[in-house]
1. Can you find a residue that is assigned to a helix (DSSP H, G or I), over 30 Å from residue 329 (Cα atoms) and touching a strand residue (DSSP E or B) at 6+ places or on another chain (Cβ under 8 Å) anywhere in region 403-416?
2. Please determine, by comparing only the residues of region 411-426 that are buried (at least 18 other Cβ atoms within 10 Å of the Cβ) and more than 22 Å from the chain's Cα centre (by Cα), which one is farthest from residue 240 (Cα to Cα).
3. Within region 13-22, is even one residue modelled with pLDDT under 95, under 23 Å from the mean Cα position of the chain (by Cα) and either assigned to a loop (DSSP other than H, G, I, E, B) or closer than 17 Å to residue 323 by Cα (or both)?
4. Any idea which of (1) within 30 Å of residue 247 (Cα to Cα); (2) surrounded by fewer than 20 Cβ atoms within 10 Å (Cβ to Cβ); (3) touching a helix residue (DSSP H, G or I) at 6+ places or on another chain (Cβ under 7 Å) is the one residue 390 doesn't satisfy?
5. Give the number of residues within region 165-177 that are outside any helix (DSSP H, G or I) and at pLDDT 95 or above.
6. I'd like the full set of residues that are away from the ligand (no atom under 16 Å from the Cβ), touching a helix residue (DSSP H, G or I) at 6+ places or on another chain (Cβ under 8 Å) and not in a helix (DSSP H, G or I), limited to region 212-242.
7. When the residues of region 442-467 are narrowed to those that are surrounded by 14 or more Cβ atoms within 10 Å (Cβ to Cβ) and part of a loop (DSSP other than H, G, I, E, B), which ends up farthest from the ligand (Cβ to nearest atom)?
8. Check residue 71 against each of (1) without any contact (Cβ under 8 Å) to a residue 24 or more places away in the chain; (2) over 17 Å from residue 234 (Cα atoms); (3) part of a helix (DSSP H, G or I) and name the one condition it does not meet.
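The values are calculated or read from the model by the stated rules, or taken from the named source; none is laboratory data. Quick caveat, the model's predicted, so the values are computed rather than measured. Here the Cβ positions follow ideal geometry from the backbone for every residue, glycine too, while neighbour counts run over all protein chains shown.
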Ligand SMILES: *Cc1c(COP(=O)(O)O)cnc(C)c1O
């Protein structure tokens, strides 16, 4: 399996190289040259999550070798996760795929538990002896999941930039209390798009990358621009479908829809990949919050990121420049790399591009949910079914309601449930009509009482940890911060 660049089909690399490099040199993203077919589902039906993960990863990363791949899977999906790695909860014909039972309580753990192992094995496979600096821009959840995944990894340093004031208090605390010698966390006075643009600029700055290399480092990424993030996310859609089959909620071959709350379009793209591999998925319902740039794109064919960014109660989706859309437009335009290149140039220069003339994918449905819809969705589901969702998942649930009332379609829908409600206790309590205590930890306790479950240890332990990372900078200073950290060793 080769991985080609979305902006130049002649540029291709091996799986190992794609993972270590993160992004193609001319700025394109690596995509598989073709979609491998899944085995007949009957043969996959009784596999554990780990066995299924191995099956799917092996289709893409054969060059890693069986042993390395097996070790990566075993190390990733171990007792960090509950017995059932991805529990499911059905309400009528909607099924929540709970992707948040990893260490940092968000779905980013699903891929970031395994990426460090894939990266280490890839670097070894390539005979790479330099240390890898993994750069991460985060809208809230990727940061901690990367810090957790890479913490203590030999030969890898991880640096995270988050928007100061743009993440929830729980998300901030999770990041700044991170221990581990190889971790660095810095807030920026800007939003997520500034952080993401800053990271991309650093990758594209030859004088910096050369200096880094002279010091014996190479740069890589743990954002979903890295194909090593995306492929492991295919697994849970296949797993979810198989569970529905096993529980006889659907019949063999029956098509279902998937709804994903989206920001950078990575998670929903993984569902698209699963579909291209032969999983019987019909429609993909793309759910956005007030930052409805993708909703507008799918209805009008024009991508317009030139608008104000709203800070919402689903901060991990407060994004205007959606990186993985690039992969989607590449695949859905019959791999027209030139058109992708032109679109991305236009996006960089004018923050918009016109995609109207390209074929529309009729299986994509896109909706948005504003703050009121999110609250209503959380409240109603709790009052009617006793089930508590986080605000990101509520965006998706609201989209499903809109889809059902618009189409009258009652088919089975798998909803990606992306975060634990405990990460956003204040908003959840408020939506339900509960009094919201000032103190975030008190809010967490109140929520635990309401849900009649204990406070997750990952939240509990934050109370005792010291805030170790205090650096803040302007977006233009990100490179400077890294210079100080890795090239001149003057900050800690
Ligand atoms: C990252 C994140 C999303 C958005 O996922 P994308 O892959 O960026 O579309 C949604 N919900 C939560 C909780 C997240 O952390």
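1. Filtering region 403-416 for residues assigned to a helix (DSSP H, G or I) gives 403-407.
Now narrow it down to the ones that are over 30 Å from residue 329 (Cα atoms): none.
Checked against the condition, which is being assigned to a helix (DSSP H, G or I), over 30 Å from residue 329 (Cα atoms) and touching a strand residue (DSSP E or B) at 6+ places or on another chain (Cβ under 8 Å), region 403-416 yields no hits at all.
2. Ranking the candidates gives 426 first.
3. Yes, the conditions are met somewhere in region 13-22.
4. With respect to (1) within 30 Å of residue 247 (Cα to Cα); (2) surrounded by fewer than 20 Cβ atoms within 10 Å (Cβ to Cβ); (3) touching a helix residue (DSSP H, G or I) at 6+ places or on another chain (Cβ under 7 Å), residue 390 is out only on (2).
5. Here is the first cut: in region 165-177, the residues outside any helix (DSSP H, G or I) are 165-168, 177.
Now narrow it down to the ones that are at pLDDT 95 or above: 177.
Number of matching residues: 1.
6. Scanning region 212-242 gives 215, 217, 218, 219, 220.
7. Residue satisfying both the conditions and the ranking: 455.
8. All conditions pass for residue 71, except number (1).
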